[in-house]
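Throughout, read-outs are computed from the coordinates displayed, never taken from laboratory work. None of the values given here were measured: they were computed from a predicted structure.
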Amino acid sequence: MVELLSDIETLESAVISLTEGASDEKRMAIHSLESMLAEKKASFEKFETQMEEEAEIHEMSIAAQNGTKLF
């Protein structure tokens, strides 16, 4: 929940800076948005990797229960 509130704060600040700010404030807003995007992508990639690993473990477990050789 804290992360969500932080994201909302970043987005609100970026909107204000991009609509009302000077050029240096606009650059800072764009940088904060790019940083947030990079964090979200990294978080998703980590989640995706974990899900793939869990699916593989689950598949191996089922194969072992059924006596199926995977290799």
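Here are some notes:
- The chain: relative contact order as a whole-number percent, Cα under 8 Å and 6+ apart: 20 percent
- Phi to ³J(HN,Hα) by Karplus 6.51 cos²θ - 1.76 cosθ + 1.60 over the range 32-38, Hz, x for Gly, Pro: 5, 5, 5, 5, 4, 4, 4
- Each pair of Cα atoms in the range 2-65 enters the Kirkwood radius, and Stokes-Einstein at 10 °C and 1.306 mPa s then converts it into a translational diffusion coefficient of 111 µm²/s.
- Degrees between helix 2-20 axis and first principal axis of the chain (Cα, 0 to 90, nearest 10): 40 degrees
- Here the Gaussian network model covers the chain, with springs between Cα atoms less than 10 Å apart; of SER17, SER35, SER61, SER61 fluctuates the most.
- In order along the range 42-58, the phi-based Karplus estimate (6.51 cos²θ - 1.76 cosθ + 1.60, θ = phi - 60°) of 3J(HN,Hα) comes to 5, 4, 5, 4, 5, 4, 4, 4, 4, 5, 5, 5, 5, 5, 5, 4, 4 Hz; Gly and Pro are listed as x.
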